[in-house]
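All of the numbers you see were taken from the coordinates with simple rules; none came from a lab. Source: prediction; values computed, not measured. Quick reminder, even Gly has a Cβ in these numbers, built from the backbone with ideal geometry, and neighbours come from all protein chains shown.
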Amino acid sequence: QVQLVESGGGLVQPGGSLRLSCAASGNIFSRYAMGWYRQAPGKQRELVAVIFSGGSINYADSAKGRFTISRDNAKNTVYLQMNSLKAEDTAIYYCNAKFTPLGVNSWGQGTQVTVSS
């Protein structure tokens, strides 16, 4: 299945910004639904944002107004721009690629985001 590699995580202060990137393998990237999920300590993994092949976007309520998901199909890359970060955004962020007709449902290794003063 598709290989995914996340990058861009790190330690930021509350109110700061980060941009996460996820680079994907394969030649049908434009057909994938691409999502960002996160898992905080003691919590279940949750969807943060997803961008579908047709361009539609869904955000979790916690992300609306602060986070922006985008994709560059020419670069096989999906991004998550995170602004106005809060301590509760601290989590491991995972990239996901899904394409049901070929049974694709792949995950990256995750990148740590820590928001702390």
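By the scheme Lys and Arg +1, Asp and Glu -1, what is the net charge of all other residues having a beta-carbon under 14 Å from that of SER25?
Neighbourhood net charge equals +1.
Which residue, THR68, GLY15, THR100, has the largest displacement toward the positive end of the dipole of the chain when charges sit on each Cβ (Lys, Arg +1; Asp, Glu -1)?
THR100
Taking the Cα centre as origin and putting +1 on Lys and Arg beta-carbons and -1 on Asp and Glu beta-carbons, what dipole magnitude results for the chain, to the nearest 20 debye?
120
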